[in-house]
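This report concerns only the one structure given below.
The values are calculated or read from the model by the stated rules, or taken from the named source; none is laboratory data. Everything numeric in this text was worked out from a predicted model, so none of it was measured. Don't worry about glycine lacking a Cβ; one is built from the backbone with ideal geometry, like all the others, and counts go over all protein chains shown.
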């Protein structure tokens, strides 16, 4: 019986290590391609990013909906001791995206009970063009995906 518990604990720790590795790989890719500062204002290309960057820094209300959770959590990133404030806001999107990838791995692991397919699924999700494009600029979508993934994970528990 003790051997079974050790095997389970070993499997859980290797699965957690794989989840962290997948999230870290994606986070490093996001960091490498992260927008370095304030994005230029182009309503067709980046309609919200500049507004979101400035409002997160000053705790303002970006739109009618306000995105209060995003603004308050992202404002915490502006206290980091490196980069300019706009970079730090962009960094928040990368952090939310990496946390989402971590949860996607855990969701897949919970559903399949297999490490390799869960790694592949999380990497494919995290490095997909559309998700990646939101992970490297100031946007609310990566935090939204994080919250959705968290709810799904908690429902699976």
Problem set entry | Residue in the range 8-28 that is free of Cβ contacts under 8 Å to residues at least 24 places away in the same chain, touching a helix residue (DSSP H, G or I) at 6+ places or on another chain (Cβ under 6 Å) and more than 14 Å from residue 142 (Cβ to Cβ) present | no
Exercise. Out of 152, 107, 137, which single residue is in contact (Cβ under 8 Å) with a residue 40 or more places away in the chain, outside any helix (DSSP H, G or I) and over 10 Å from the mean Cα position of the chain (by Cα)?
Worked result: 137
Seminar exercise, completed: Only unsatisfied item for residue 50, checking (1) under 16 Å from residue 135 (Cβ atoms); (2) at pLDDT below 95; (3) touching a helix residue (DSSP H, G or I) at 6+ places or on another chain (Cβ under 9 Å), is (1)
For this session: From (1) closer than 29 Å to residue 18 by Cβ; (2) in contact with a helix residue (DSSP H, G or I) (Cβ under 6 Å, 6 or more places away or on another chain), pick out the condition that doesn't hold for residue 89.
Result: (1)
Exercise. When residues of the range 66-103 are filtered for being within 27 Å of residue 36 (Cβ to Cβ), touching a residue at least 40 places away in the same chain (Cβ under 8 Å) and outside any loop (DSSP other than H, G, I, E, B), how many remain?
Worked result: 20
